[in-house]
1. With every protein chain left in place, what is the accessible area per residue of chain A in square angstrom, probe 1.4 Å?
2. Using Cα atoms only, what is the angle between the long axis of helix B:138-149 and the major principal axis of chain B, expressed in degrees (0 to 90) to the nearest 10?
3. Points 7 angstrom from Cα along the Cβ direction at A:ILE152 and B:GLU233: gap in nanometres?
4. If R₀ is 51 angstrom, what is the calculated FRET efficiency for the pair B:ARG71 and A:THR131, using the beta carbon separation as r and rounding to 0.05?
5. Can you pull out the cysteines in chain B that have no other Cys Cβ under 4.7 Å?
6. Mind listing the phi-derived Karplus ³J(HN,Hα) values for region A:226-242, rounded to whole Hz, using 6.51, -1.76 and 1.60 with θ = phi - 60°, and x for any glycine or proline?
7. Buried accessible area between A and B (1.4 Å probe, both chains summed, ligands and nucleic acids excluded), in Å² to the nearest 100?
8. Just subtract the alpha-carbon distance of A:ASP177 and A:VAL34 from 0.36 nm times their residue separation and send over the number in nm, one decimal.
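The values are calculated or read from the model by the stated rules, or taken from the named source; none is laboratory data. Since the structure is predicted, the reported quantities are computational estimates derived from the model, not experimental observations. A quick note on method: Cβ atoms are made from the backbone with ideal geometry, for glycine too, and the neighbour counts reach across all protein chains shown. The area values use the complete protein model at the heavy-atom level, side chains included, leaving out ligands, DNA and RNA. Shrake-Rupley method; radii C 1.70, N 1.55, O 1.52, S 1.80 Å.
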Amino acid sequence: MSNPLGLLALPRLTPRVFHVWQRNRDVFVKTYRVNFLPPFLEPILYLLSLGFGVGSFIPEIAGVSYPEFIAPALISITIMNAGFFECTYASYVRMYYQKTYDAIIATPLTIDEVIVGEILWGATRALINTTIMLPVLFLFGVVDLPWAILVIPFAFVAGLLFASIGMCFTALTPGIDTLNLPTFLFITPMFLFSGTFFPLSLLPAPVQYLAVGLLPLTHVVTVIRSLTLGVPATMLPFSLLWLAVATVLLFLFSVNLMKRRLVV
Amino acid sequence: MTPVIEATGLTKRFGDFTAVDHVSFRVEPGEVFGFLGPNGAGKTTTMRMIQCVSPKTEGSLRVFGMEVEGREAEIKSQIGVVPQENNLDPDFTVYQNLLVYSRYFDLPRPEAEAVIEELLTFVELTEKRDTPIEKLSGGMKRRLILARALVNRPRLLILDEPTVGLDPQARHLIWERLREIRNRGNTIVLTTHYLEEAERLCDRLVIMDRGGILVEGPPRELVKQHAGTHVVEADDTPQVRACLDRLGARYEPMGEILQAYTDTPRDVTRALVGECQLGHVAARPATLEDVFLRLTGRKLRE
């Protein structure tokens, strides 16, 4: 495992992966009242304050109204948060404090299956939150059907990416407090500088390259904005390719990093 | 018959540290087999290798006749595990804990429901079925973990410190249940610090220290072999030592007193009181604790 290629080893999986997913779903369903509220309320709050508040000073941005411009960003941020936080803090609590992983690997499940089940669940959270959000945004008249429907399946794929990123940090973090670092140094800048609330082209060129090269949210926003506006961005094919490669790599990294941490 | 567990030269290293050092043992079907030893002796590491969650470094380890490497899922489906630390799922109730766990073994729902009813009765938690985990007492949690370990009807039950921190009532209930499980023909492997527990439950046991096995055998025989039938205790003075030397008795200093291991406590006591004019002498039957302390020493282990 000490060779760098070990990070790309394929996980050994059986359909039992689904039982890990089921466990998390059951907990989610038990506490559904708290779980459904944030994805429902959050877009309303952001749309009202930023979209219609700040937006009233902005007659038009990149050819559309400001609320229409930020609506896909709000969905993208929700996907990022759902995947990332499910597989950082929530997974860390299950792994370290609740010893849930220890309990599960005493059954026929392997650690590979536990981690993949967790990541699939993180992606599912992204999908659920997006599905709740989309009708709200539609009622505000800021997303364009029918293309916007494709945002739902895409949310699962983008959720996989952010869940995998989260799981990598969970595998590497010494304790739960140090999970704040990727949150402040990675998630927050990404939230602000990924073409979310203003176009990337306003940034200095080197920062633009950084955002396109390194920030996954940039590409997720590009894809979702193309779908909610019904107009494909020039960068769309590149963004899809970037996301596909990053998702596969980070998914494999996360499983193998967790194995290094847990198989002793 | 194929042994349930067969370890030969089994070794586990963590970097430079050797936690388990070339141990060999066999556990036969239907027996209760104990691992005793001070903290850090390598008991839990050995258990984790048998449970297929920690890969061995060297040697051979066969469970149900299968070399563990590559057969993990198959072996684990026939093992039940009671871990040292309570790792019940705090997000669920008693019943849900068992149901969710049964799914990991691919138990069909109707079968799982029947098994769970049976197990709740077995561990006397039927009334608590809808109680959240945090509301359970320590003893109830332990019983629930035992029930959870039985949900797949395992051939081999592995318990790591099953009764740690329990009151005598709760402990006796667990012991009672373990005997029943054994009487049904299941094999049980357990680790414990409680020597009384080992003496009562185990058909055979090993005492481990510093990654190796010091002795192996039925508890009664180990006591007889390493401590004699009785222990005579007297104050540690030069006269007593001289007297015991003259009798040819085996003895060891234990703090302020000397302990002589003997099969003829009467003779030793009479000699000590009669010939050496001693005040304080006590004789008692030897226990596994005497063997344990003799073999592993009195020094505190961290």
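1. Spelled out: the 1.4 Å probe surface of chain A, per residue, equals 44 Å².
2. Helix B:138-149 sits roughly 60 degrees off the main axis of chain B.
3. In this crude spin-label approximation the distance works out to 7.5 nm.
4. Once the sixth-power term is evaluated, E becomes 0.75.
5. B:CYS52, B:CYS202
6. The phi angles translate into 4, 6, 6, 8, x, 10, x, 6, 4, 7, 3, x, 4, 4, 5, 5, 4 Hz.
7. Details: alone 12600 and 14700 Å², together 25100 Å².
Accessible area lost upon association: around 2200 Å².
8. Gain in length upon complete extension: 49.1 nm.
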